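Since every read-out is calculated from the coordinates, none of them should be taken as a lab result. From a predicted model like this one, the values you see are computed outputs, not experimental measurements. Heads up, the Cβs are rebuilt from the backbone with ideal geometry, glycines too, and the neighbour counts pull from every protein chain shown.
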């Protein structure tokens with residue numbers, strides 16, 4: 001019997017798996033197996049984009065998702081980690097693709113370095129409106145028009161909508177002003193891109 005697809009969920013700068021709980025529940029509702037990842041201990045934020053740390057996470061994903069199709073989903077800074085992980089996992093797992101969610105590149109340039117190497121797999125990017133938390137839409141401007149990246153912009157969506165609606169940190173720091181309906185639409189678009197990647 002084949003295993004249900006494994007959806008690796010990478011949080012943003014919070015680094016905590018609990019911040020992917022809303023998307024994990026949506027994955028379960030769609031018959032998918034979510035794998036929320038804590039990317040680095042709270043006190044050790046610089047580890048988040050360490051390729052040594054990410055290789056350890058890749059080994060954990062390989063063990064957990066063995067025999068199942070894999071989609072990597074990265075929110076915010078998690079999109080940068082996702083680029084590295086999708087490429088690293090390719091030799092060990094049936095990686096179907098990558099979904100970057102309102103992504104930002106890391107200080108060590110993981111998206112810039114590794115995204116071009118992912119042209120052979122499905123890559124999607126779902127963007128919210130420009131804000132300080134997505135570097136005023138920098139990644140969207142850089143990748144819109146790449147023929148091998150399927151980009152979708154959800155008008156009115158906020159950077160934190162991946163995690164849920166109306167979260168105080170995103171309202172205060174990012175200026176999120178999305179309605180509950182748009183927030184839900186943003187997460188549904190992420191799920192559509194996950195399913196597109198698996199099709």
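The figures follow:
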| read-out | value |
| --- | --- |
| Estimated Rh, the range 142-181: Kirkwood, alpha-carbon pairs, angstrom | 11.5 |
| Over the range 11-146, relative contact order from alpha-carbon pairs under 8 Å, at least 6 apart, % | 20 |
| Angstrom value of the Kirkwood radius, inverse mean 1/r, which spans all Cα pairs in the range 16-160 | 15.5 |
| Stretch gain in nm, segment residue 119-residue 173, where the contour uses 0.36 nm per residue and the Cα spacing is subtracted | 16.1 nm |
| Mean separation of Cα contacts under 8 Å (6+ apart) over length of the range 109-199, as relative contact order % | 28 |
| Two-decimal log10 I(q)/I(0) for the range 50-102, as the Debye equation yields it once each C-alpha is a single scatterer, q = 0.12, 0.15, 0.17, 0.32 Å⁻¹ | -0.22, -0.34, -0.44, -1.31 |
| Volume per residue that the Cα convex hull of the range 97-199 spans, once the total is divided by residue count, Å³ | 89 |
| Gyration tensor (Cα) of the range 83-140, equivalent ellipsoid semi-axes in angstrom | 23, 12, 8 |
| Folded to 0 to 90 degrees: helix 51-64 orientation relative to the chain principal axis, Cα | 70 |
| Among 186-194, 108-116, the order from most to least packed when residues are scored by Cβ within 10 Å on average | 186-194, 108-116 |
